[in-house]
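Undergrad: The structure under discussion is supplied below as structure tokens; questions concerning it will follow.
The values are calculated or read from the model by the stated rules, or taken from the named source; none is laboratory data. Keep in mind the model is a prediction, meaning the values are calculated, not measured. Virtual Cβ from ideal backbone geometry, glycine too; neighbours counted across all protein chains shown. Surface areas here come from the heavy atoms of the whole protein model, side chains and all, with no ligands, DNA or RNA. Shrake-Rupley method; radii C 1.70, N 1.55, O 1.52, S 1.80 Å.
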Amino acid sequence: MMVARFGLLAALTLALGACAGALSSPPAKLYTLNPATQADPSLPQAGFQLLVETPVAGAGLDTQRIAVEKSATAIDYLSESAWTDRAPAMIQGLIVQSFEDSRKIVSVGRDSVGLRSDFVLRSELRDFEAEYSTPGAANPDRVHVRIAAKLVGMPRRTIEAGETFEAIVPIRDPGVQGVVTAFDAALRQVMERMVAWTLRTGTAIAAGGGTGASGASRGR
């Protein structure tokens, strides 16, 4: 009986110790990125309304964790570091803000608001990770961001145009902040190109009447 009681007490002590260790582990440090800030002055003043969907992403990227691709078949994540939101949700908000900051569009918002729009911007997050360009290197040395976008005409939901935007930016500092800085630069390059393409393409399509855009939008 004494042996059994001692074994039970030991097991409880180990379990409580494990719980205390989990509770005392440091929380992940959270990082966010910035919207595109440089709008080309030559961009048209778009008269259409746009909704931006949350980018589709595979399970490896549809996470709050910061992805690191060690090889073509292996994905890891930075320890004790994370994005402020799941990567697709964070990027959706940054895309919307990039359009707003361009001051070149009448109305833009997330698709979840349920407002009427002339176009919907759908996208797929195909790459959003730090990479090792040299096998066996101690640290990742570049960030790769690639987003495939489709401009969908409403209300018929027809795909009017599509394009893929990609940027690879070197990591100057091997620390976490250096990795995040490279993510920030690569994503801003992609969003700048995406905003410019959407404004020019949507304006041309709406002016030509080849979409479900409203008459008021086509007339501008």
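Undergrad: Can you find even one residue in segment 194-211 that is at pLDDT 95 or above, of a type in the set (Val, Ile, Thr) and open to solvent by 50 Å² or more (accessible area, probe 1.4 Å)?
TA: no
Undergrad: Among the residues in segment 136-143, are any closer than 17 Å to residue 87 by Cα and either surrounded by 12 or more Cβ atoms within 10 Å (Cβ to Cβ) or aromatic (Phe, Trp, Tyr) (or both)?
TA: The first filter runs over segment 136-143 and keeps only residues closer than 17 Å to residue 87 by Cα, leaving 143.
Checking the rest, the ones that are also either surrounded by 12 or more Cβ atoms within 10 Å (Cβ to Cβ) or aromatic (Phe, Trp, Tyr) (or both) come to 143.
Yes, the conditions are met somewhere in segment 136-143.
Undergrad: Another question, then. Find the residue count for segment 71-83, including only residues that are open to solvent by 20 Å² or more (accessible area, probe 1.4 Å) and touching a Phe, Trp or Tyr at 6+ places or on another chain (Cβ under 9 Å).
TA: Here is the first cut: in segment 71-83, the ones open to solvent by 20 Å² or more (accessible area, probe 1.4 Å) are 71-80.
Imposing the further condition that a residue be touching a Phe, Trp or Tyr at 6+ places or on another chain (Cβ under 9 Å) reduces the set to 71.
Qualifying residue count for the region: 1.
Undergrad: Which of the numbered conditions does residue 136 fail, given that it passes all the others? Conditions: (1) in contact with a strand residue (DSSP E or B) (Cβ under 8 Å, 6 or more places away or on another chain); (2) free of Cβ contacts under 8 Å to residues at least 40 places away in the same chain.
TA: Result: residue 136 passes all but (1).
Undergrad: Right, another one. For segment 36-60, how many residues meet the condition of being open to solvent by 20 Å² or more (accessible area, probe 1.4 Å) and not hydroxyl-bearing (Ser, Thr, Tyr)? Step through it out loud before you land on a result.
TA: Here is the first cut: in segment 36-60, the ones open to solvent by 20 Å² or more (accessible area, probe 1.4 Å) are 37-42, 44-45, 49, 53-54, 56-60.
Within this subset, residues satisfying the condition of being not hydroxyl-bearing (Ser, Thr, Tyr) are 38-41, 44-45, 49, 53, 56-60.
The qualifying residues number 13.
Undergrad: Here is a further query. Would you check which residues across segment 109-133 are touching a residue at least 60 places away in the same chain (Cβ under 8 Å) and under 24 Å from residue 203 (Cβ atoms) and list them?
TA: Passing the criteria: 111, 113, 115, 116, 117, 118, 119, 120, 121, 122, 123, 124.
Undergrad: Right, another one. Return the residues of segment 97-126 that are open to solvent by 10 Å² or more (accessible area, probe 1.4 Å) and of a type in the set (Phe, Trp, Tyr); say none if nothing qualifies.
TA: none
Undergrad: Could you tell me which of the residues 86, 116, 110, 103 is at pLDDT 85 or above, at positive phi and out of contact with any Phe, Trp or Tyr (no Cβ under 7 Å at 6 or more places or on another chain)?
TA: 103
Undergrad: So residue 125 passes all but one of these: (1) within 14 Å of residue 190 (Cα to Cα); (2) in contact with an Asp or Glu (Cβ under 6 Å, 6 or more places away or on another chain). Which condition number does it fail?
TA: (2)
Undergrad: Can you work out which of the residues in segment 160-177 that are under 19 Å from the mean Cα position of the chain (by Cα) and aliphatic (A, V, I, L, M) is nearest to residue 29 (Cα to Cα)?
TA: Filtering segment 160-177 down to residues under 19 Å from the mean Cα position of the chain (by Cα) leaves 162-171, 176-177.
Now restrict to residues that are aliphatic (A, V, I, L, M): 167-169, 171, 176.
Numbers: 167: 25, 168: 24, 169: 23, 171: 19, 176: 10 Å.
The qualifying residue nearest to residue 29 (Cα to Cα) is 176.
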